[in-house]
Amino acid sequence: MRHVICVTGAMAAGKNAVSDILEKHGYACTDADKLVHQALADPAIQARVLAEFGKEAHSRGIQLTRADGSLDRRALGALLFSDKALLHRHEAILHPEVDARIDAFMEAHPEQDIVINATVLYKTPSMKKCSAILFVTAPLCVRFFRARRRDGMKSRHILARFWQQRNLFAKYKKTDADIYRVSNTGSIQALEKKIEAFLRRLDS
């Protein structure tokens, strides 16, 4: 039986580390965040996004394009995460594009088990393809300093993102997939042992 696993968790919990471990176990892994970036690099998608949000960005003093005319993703994020209605409109544009790319990835790896590394996959039709959810956790303080080192974001932006994701586990519990939690607080070797235990449970 082919496994399709959603690896998820809040910001800086360790989704990438878990996905890397699963890749070593033969899984083909795709990262939904990277698929979003690919979609936003498409000139046609950029044009739709700029047309959709240009007026709101201008009214709030946010410049959505860089000097070369390309979309500034960080500026777009500052706009979207300040207003849920705007975020929903953006997701209506991006989610079908990401779903199509996930489908293409799965078709390109027909003989392998699949990992979809994603924070909000529960919002998309691709969630229905997953038989299991691996929810990665870590204490808030650990995640905070990981995010500071990794992303160089301001503290208030990190905390705002944490607040937005506070009910993430509850959202995934509402799906039909089996859900497992793994704590990422120690060494990479300790995490590997936890993932190996998860895989044994999955195959039992």
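For the chain, the list of Cys residues with no other Cys C-beta under 4.7 Å reads 29, 141. Given a Förster distance of 41 Å, report the FRET efficiency between residue 44 and residue 3 from their Cβ-Cβ distance, rounded to the nearest 0.05. Here the calculated transfer efficiency is 0.75.
Across the stretch 109-179, the volume of the C-alpha convex hull divided among the residues equals 117 Å³ per residue.
Could you tell me what % of all Cα pairs in the stretch 48-93 have separations over 15 Å? Taking all Cα-Cα pairs of the stretch 48-93, the fraction more than 15 Å apart is 34 percent.
Shape index of the stretch 27-78: Rg/Rh, with Rg the Cα radius of gyration and Rh the Kirkwood radius from the inverse mean 1/r over Cα pairs, equals 1.06.
Here's how it looks for residue 7: its modeled amide H is under 5 Å from those of 116, 117, 118, 134, which are all 5 or more places away or on a different chain.
If you take the alpha carbon radius of gyration of the stretch 72-145 and divide it by 2.2 N^0.38 Å, what ratio comes out, to two decimals?
Values: Rg = 15.2 Å, N = 74, 2.2 N^0.38 = 11.3 Å.
It is 1.35.
Shown for the chain are the DSSP H helices of 27 Å or more along their axis, judged by Cα atoms, with a mean Kyte-Doolittle hydropathy of at least -0.5: 84-108.
At a probe radius of 1.4 angstrom, the accessible area of the stretch 96-176 per residue rounds to 58 square angstrom. The Rg/Rh ratio of the chain, with Rg taken over Cα atoms and Rh as the Kirkwood radius over Cα pairs, comes to 0.98. Helical runs assigned H by DSSP (4 residues or longer) give the chain a calculated mean residue ellipticity at 222 nm of -17500 deg cm²/dmol, each run adding -39500 (n - 2.57) before division by the residue total. Rolling a 1.4 angstrom probe over the stretch 110-175 with all protein chains present gives an accessible area of which 55% lies on carbon and sulfur atoms. Once backbone amide H atoms are built at 1.01 Å from N, residue 137 has 182, 183, 184 as its partners under 5 Å, excluding neighbours fewer than 5 places away on the same chain.
The values are calculated or read from the model by the stated rules, or taken from the named source; none is laboratory data. If you're wondering where the values come from, they're calculated on a predicted model, not measured in any experiment. Methodologically, a virtual Cβ is constructed for each residue, glycine included, from the backbone with ideal geometry; neighbour enumeration extends over all protein chains shown. For accessibility, only protein heavy atoms count, side chains too; no ligands or nucleic acids. Shrake-Rupley method; radii C 1.70, N 1.55, O 1.52, S 1.80 Å.
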